[in-house]
Every structure is written in C-alpha cells, then in structure tokens.
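Worksheet for the structure shown next.
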Amino acid sequence: MRVNTVVVGQLGVNCYIVSDGSSPEAVIIDPGDEHDKIESAVAALGLTPVSIVLTHAHYDHICAAGDLRERYNIPILMHEDDRETYRRSKELCISWGLSPSDFPADYQTMKSGDKISAGRLSLEVIHTPGHTPGGVSLYGNRTVFTGDTLFKGAVGRTDLPGGNTARLMESLKKLSALPVETRVLCGHGEETTMGQEIKSNPYLNEKATLKLYR
C-alpha cells in the first residue's frame, strides 16, 4: 500500500491518496478542500483516481469532493447513515457562499463489510458511528483510516448534531480489536498505531472505563 497525505482546509484535514504501489489506480479519502492542491499531488504521483471515499460527511471533509468528481468523473462514496449529515453540511456551506453544485446529490452509499478497491488494493468498510451516524473506518494491509473516530491520544467529539457517545464507544471497541501493529491514519493530526492507542489513549488504555472493550 502506498499512502500520500495532503493536508487541506482551515481545519487541517488529512486527505489521503491511496494506491497499491504498482497500479496507477488510487482512492481519494476525505478531500476536505483545496481541490487544486489534491489534483497537483495526484498528477505528481502519476495516479488515476477511481473513487472518492468520505469517512464522514462533515463539511471539512467533503468540500473538494464535487470538484474532484467532475475532474476525474468518478463516484463519491459515503455511508448510507450520513445522508442527513451531508445535507446539513451542504446547507451550512451554501450559507457561507459556496455553490450547491459543489455538493453532488448523486453520490453512492456504502455499508459495513463493503470493499473499496484500486488495483490490487482492497479496503474494508467498517461502520464506526458516534462522531456522525454514518462514520466509517477503512481497513486494509494492517492500516486503518479512522476519519474523526479515533485520533492520536484522543477521539472524535460527539456534541455535534448526530453525535452519540455510546455509539462512539462501541466503535472504539471495534477498532481496538484490530491487530496492535495496525497503522492508524486519522482525519486530523499525526498517525499512530492501535497498540500505542490501547496503551496510552485515555479512552482506550487500561485506566479508562473502556478497558472492558479490549
């Protein structure tokens, strides 16, 4: 697996360009903003995107999706339970002066267990709600893209519309079952490993109330 990170937008979202390392096909994960910056990275890598995948539909993770879909003529994928989150984000961004056309209505939905492919790369969709109802993580090659569910030393907030703390805790349970050597690539900030988070994350370590989920 080859992973290239482009940090975009005012909130510093990690947009990931992921390929198998040999095929030109790639998946773009969480194109939050600055489509031109993402397109330049794709061109420099000599890759051909085949899909755009949203770990969740908050505005800071989706604002370049429409431009990239038009540029590459590829589908946008999000979990079916984030339709309302997407609608809210669209309305918020339009109120800021963005065009409705920046947020396509003809996206495709995905569910837990689905596979996202590019060349020989295959990423499994894991439904990890809590930050949003349709939050997902993407797992393959001992690497997991966690969006805003799990961060290095922290977890996603649940006080926004659609957030649910109990569901987030269940999602952390799912993620903590992955191999300890799993590389964790987050929606914001530095990468980590699942073992490191189980050891030191206050929501996952042995001192936390979530220790029963390990």
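Restricting attention to the stretch 181-206, which residues are among the acidic types (Asp, Glu) and either touching a strand residue (DSSP E or B) at 6+ places or on another chain (Cβ under 8 Å) or surrounded by 15 or more Cβ atoms within 10 Å (Cβ to Cβ) (or both)?
Step one: filter the stretch 181-206 for residues among the acidic types (Asp, Glu), giving 181, 190-191, 197, 206.
Those that are among the acidic types (Asp, Glu) and either touching a strand residue (DSSP E or B) at 6+ places or on another chain (Cβ under 8 Å) or surrounded by 15 or more Cβ atoms within 10 Å (Cβ to Cβ) (or both): Glu181, Glu191, Glu197.
Within the stretch 117-133, being more than 13 Å from Gly21 (Cα to Cα), assigned to a loop (DSSP other than H, G, I, E, B) and in contact with a strand residue (DSSP E or B) (Cβ under 6 Å, 6 or more places away or on another chain) holds for one residue alone: Thr128.
Listed by first and then second residue, the pairs linking a residue in the stretch 89-118 that is over 18 Å from His35 (Cα atoms) to a residue that is among the polar types (S, T, N, Q) and surrounded by 12 or more Cβ atoms within 10 Å (Cβ to Cβ), with Cβ atoms under 8 Å apart and 6 or more places separating them unless they lie on different chains, are Lys115/Ser122; Ile116/Ser51; Ile116/Ser122; Ala118/Ser19; Ala118/Ser23; Ala118/Ser51. The single residue among Leu178, Leu172 that is of a type outside the set (Ser, Thr, Tyr), surrounded by 18 or more Cβ atoms within 10 Å (Cβ to Cβ), over 16 Å from the mean Cα position of the chain (by Cα) and outside any strand (DSSP E or B) turns out to be Leu178.
If I ask for residues that are charged (D, E, K, R), at pLDDT 95 or above and in a helix (DSSP H, G or I), which ones from the stretch 181-208 would you list? Once the filter is applied, which keeps residues that are charged (D, E, K, R), at pLDDT 95 or above and in a helix (DSSP H, G or I), the stretch 181-208 yields only Glu197. Just one of the listed residues (Gly140, Gly156, Gly130, Gly163) is of a type outside the set (A, V, I, L, M, F, W, C) and in contact (Cβ under 8 Å) with a residue 60 or more places away in the chain, namely Gly140. Looking only at residues in the stretch 68-96 that are within 18 Å of the chain's Cα centre (by Cα) and of a type in the set (Asp, Glu), the one that is surrounded by the fewest Cβ atoms within 10 Å (Cβ to Cβ) is Glu80.
Starting from residues that are touching an Asp or Glu at 6+ places or on another chain (Cβ under 8 Å) and farther than 27 Å from Ser22 by Cα, keep the ones in the stretch 97-116 and report whichever is surrounded by the most Cβ atoms within 10 Å (Cβ to Cβ). The qualifying residue surrounded by the most Cβ atoms within 10 Å (Cβ to Cβ) is Asp102. Among the residues of the stretch 148-167, not one is in contact with a Phe, Trp or Tyr (Cβ under 9 Å, 6 or more places away or on another chain) and in a helix (DSSP H, G or I).
The values are calculated or read from the model by the stated rules, or taken from the named source; none is laboratory data. What you see is a predicted model, and the numbers here were worked out from it, not measured in a lab. Glycine gets a Cβ as well: all are built from the backbone with ideal geometry, and neighbour counts include every protein chain shown.
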